[in-house]
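Contents: one structure, followed by commentary.
Computed from the coordinates by the stated procedures, all read-outs in this text should not be read as laboratory data. Small disclaimer: the values here were computed from a predicted structure and weren't measured. Here Cβ is always computed from backbone atoms with ideal geometry, including for glycine, and neighbour counts include all displayed protein chains.
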Amino acid sequence: MLLAAGFVPSLLSLSALKSRALRKGVWFRLDPAARALVDATLLYLKRGGVIKSPALINALRAVAERILSSTSPLRVLAKAVGMAIARARGIQADEERAIALGIQWINTPKQWRPQVAD
């Protein structure tokens, strides 16, 4: 959850997320449950509701992560991954080094990536 780490589900952020997904052609590639979750939450928020459930917030964050990773340029994704890797290893990384680390990690097949404990 690198890209959606600071995502706060609100009416404005969810409508912007949905319009971005529609604009980039990602919306209909999402599973129907994720689309229904976003649509139902938007309707609830438009009618004045407030989201309090941590489980719903985590589910919306996961959907936002899928949308953002599908619509963001590779450079942004590589920088986010590279910064996380540098932070985990305790390395000082500027923007170029973070992008290089991120691209190396993205290009490494999943079976060869070291398993990171959460």
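General remarks:
- Helix 32-46 axis, angle to the chain major axis (alpha carbon atoms, nearest 10°): 60
- C-alpha long axis of helix 11-24 to longest principal axis of the chain, angle in °: 70
- Partners for Lys79 among aspartates and glutamates (Cα-Cα distance below 14 Å; same-chain residues under 8 apart left out): Asp94, Glu95, Glu96
- Rounded to 10°, Cα long-axis angle of helix 54-71 versus longest principal axis of the chain: 60
- Candidate values [x] 18.8; [y] 7.3; [z] 8.6, label of the one derived for mean projected area of the Cα convex hull in nm²: [z]
- Assigned charges on the beta-carbon of Lys, Arg, Asp, Glu; segment 11-71 dipole about Cα centre (debye): 160
- Residue (of Ile99, Val50, Pro73) at the positive-pole extreme of the chain, dipole from beta-carbon charges: Val50
- For the chain, with +1 on Lys and Arg beta carbons and -1 on Asp and Glu, the positive-most of Gln111, Trp27, Ala84 along the dipole: Trp27
- Between Arg87 and Glu65, the simple label model (points 7 Å from Cα in the Cβ direction) yields a spacing of 1.3 nm.
- Dividing the summed helix terms, -39500 (n - 2.57) for each DSSP H run of n ≥ 4, by the number of residues in the chain produces a 222 nm estimate of -21000 deg cm²/dmol to the nearest 500.
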